[in-house]
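A short worksheet on the structure shown next.
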Amino acid sequence: MSYTSHLLNHSRKLKKASNLLHHQRALFVPCFSTDAQSSINTNRDVLKTRYHGYESSPRNGVPKQNPNVTKRNISMVTMGRGSIGESVFNGEISRSSQFQSRRCYASASDLPPHQAIGMPSLSPTMTEGNIARWLKKEGDKVSTGEVLCEVETDKATVELECMEEGYLAKIIYGDGSKEIKVGEVIAITVEEEEDIAKFKDYQASASEPDDATAKETSAPPPPKKEVVEEPAQEPKSKVSKSSAPPSSGDRIFASPLARKLAEEKNVPLSSIKGTGSEGLIVKGDVEDYLASGVKEASAPSKAKTATDAALDFTDIPVSQIRKITASRLLLSKQTIPHYYLTVDACVDKLISLRTKLNSLQEASGGSRISVNDLVIKAAALALRKVPQCNSSWTNDYIRQYHNVNVNVAVQTEHGLFVPVIKDADKKGLSTIGEEVKQLAKKAKENSLKPVDYEGGTFTVSNLGGPFGVKQFCAIINPPQSGILAVGSAEKRVVPGSGPEEFKFASFIAVTLSCDHRVIDGAIGAEWLKAFKGYIENPESMLL
C-alpha cells in the first residue's frame, strides 16, 4: 500500500531526524499516540522510532514488530484549514491552536480507515467547548464545507465545518455535551458508506496512551510515613496538659502533617507540647493528645446547615461564556492595578447635533444615530489624540497600537459580549451606528464569530442610556489598559451669563478605569480632557 511504503521510507530518515526537522517544513508529521501528541523533547533526542507497535531495526532501519507493544491505529496529522498546523523552530515542533481532525490508517483486523474529528480551538482563550447541536446525524453523507455541528466556545457559538467528503459514522458527543477538552474526539467520518456499521459500538480511546504513561510515571508509590522522626528515648508522657502553653507572641513549630491533623480535629496547637527536635510538634504528639481523653473541639453549629437546607432555590448551570468571563474579570481585578478618573460632561450640544443628524438620516432612509454612537466616536478620536491609552502591558514592554478598535459591551441572556468596532476613529457616525446594531443583534442571537470580538484595544460600557445608572466603575478587559463607563444624562441648574441668572443643562458622568502600569494619572486625565472636549463640542468630531 502507498501509505505503508511511505511509512517505511520515512522511517529510514529517522536516524537523521534532527536534519529532517530543519529541512522539512512539517508537511506532515507522524504522530506517536492516538491523541496526535508528538513525542519530541527539547533535547533533540527526537522522534523515538516506535510507531504504535513497530520499532526500527538497528541493522537496516526497516520496522519490525515489537511484541511488547500493543498494536494501535497509526495516526497521521493532515494539514488543512482548521486542522493541526505544525511549525518547526529551534529544532522543536509547536502545535497550532486550531486542532480539528486526524486521519487514522487501520492495521490488520482493526477498524477501517477513518477520520477522527476533534474539538477545535476557536479562540485564544478556549480550553474546552460544548456541543450546542448537531446539524448532521449518523449515516449522513457530508461534503467539504458543510456544517457538521455548532460548537459553543468561551466567546460565542461557532459552526464547525467538514474538511473532507465522506460519511458521518459516529457521533461520540451528542447535543448538549459540555466541557469537552480541546482536541478530544467528538465524531468519526469514513470514506465508504459500508464502513459506517463497523463504528456502531466505537468508543474514543484518545486518552489511553496518556493514561498508560501516567501509570508508568506514577508507578513508585509516594511515601506515606512522615519524614520527621520522633526520638525514641523518652517513654514518659509526651503530652503535658498542665504545662504552660507558649505565650501568644511565641511561634509554634509543628510539622505540616501535625498541623493538618490538628486542624481536622479542631485541636489548638498551643495546648500541645512538642516532643520533636527543639520542641517541634509532630503527628504523634497530636494523636497522643487526642488519645489522652481530650475531646475534639466542638464542630461548628449545624444550625446554619439546617437553615440552608430549608431554603428554596434553583441551581442555574453556568455556561462556557460565563465561566470564561468570570475567570478573566477575576484575573483582571487580581493582577491589574486599577485606578479611576471621573468627569462630568455637558451633552446639550451633543443632543442638538444628534437631532439634526437624525433628521438628515431619516430624509435619506438611513438608520438613526444614538448617543452611544457619538460616545464611541469621541472615545476613538481621544485615543488617537492620546495614544498612550491605546496600549497594553506585556511585562517586558508596553505595546502601543496603531489601530483604534473599540469594543462595545453588550448584555444578553447568554452573558456579556464585547463585539469590536475596528478603526472606529476612521469611520463615520452612520457606519459606527450600523455596525453596533448588527453586532448587538448577532450577540443576542449568540452567533458572533471570532473576528467580531477579537482585536479590541479599548472598551466602552454604557449603563446610563438603557438602564439609567448615574455613575459606575467598570473592570478592565485584559489585555487592554482602559475602559470607559458611561452614566445617564441628568439635568442640572448651572450659572447663566448674567450675575444672577441660571439655566438648565444636561450632564453625563463618565469614569475611566486605567491600568496604572501603562497609564499614569496625568495621561488618564489628559485622555478624559480630550474626550470631554469632543462631547461638549461635537462639531469638532466632524473635522
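The values are calculated or read from the model by the stated rules, or taken from the named source; none is laboratory data. Everything quoted here is computed from the prediction, not taken from an experiment. In this analysis, Cβ positions are derived from the backbone assuming ideal geometry, glycine residues included, and neighbour counts consider all displayed protein chains. Protein only, heavy atoms only, side chains kept; ligands, DNA and RNA dropped before computing areas. Shrake-Rupley method; radii C 1.70, N 1.55, O 1.52, S 1.80 Å.
Of the residues 451, 486, which is assigned to a helix (DSSP H, G or I) and of a type in the set (Val, Ile, Thr)? Steps first, answer last, please.
Working: 486 fails: assigned to a helix (DSSP H, G or I).
Only one candidate passes the filter, namely 451.
Scanning segment 308-343 for residues being at pLDDT below 90, open to solvent by 80 Å² or more (accessible area, probe 1.4 Å) and part of a helix (DSSP H, G or I) gives a total of 3. Exactly one residue out of 268, 256 is under 17 Å from residue 290 (Cβ atoms) and at pLDDT 50 or above, and it is 268. Across segment 464-519, the qualifying residues are those that are over 24 Å from residue 329 (Cα atoms) and among the acidic types (Asp, Glu), and the one among them that is surrounded by the fewest Cβ atoms within 10 Å (Cβ to Cβ) is 500. Residues of segment 173-193 that are under 18 Å from residue 140 (Cβ atoms), open to solvent by 50 Å² or more (accessible area, probe 1.4 Å) and in a loop (DSSP other than H, G, I, E, B): 173, 175, 191, 192.
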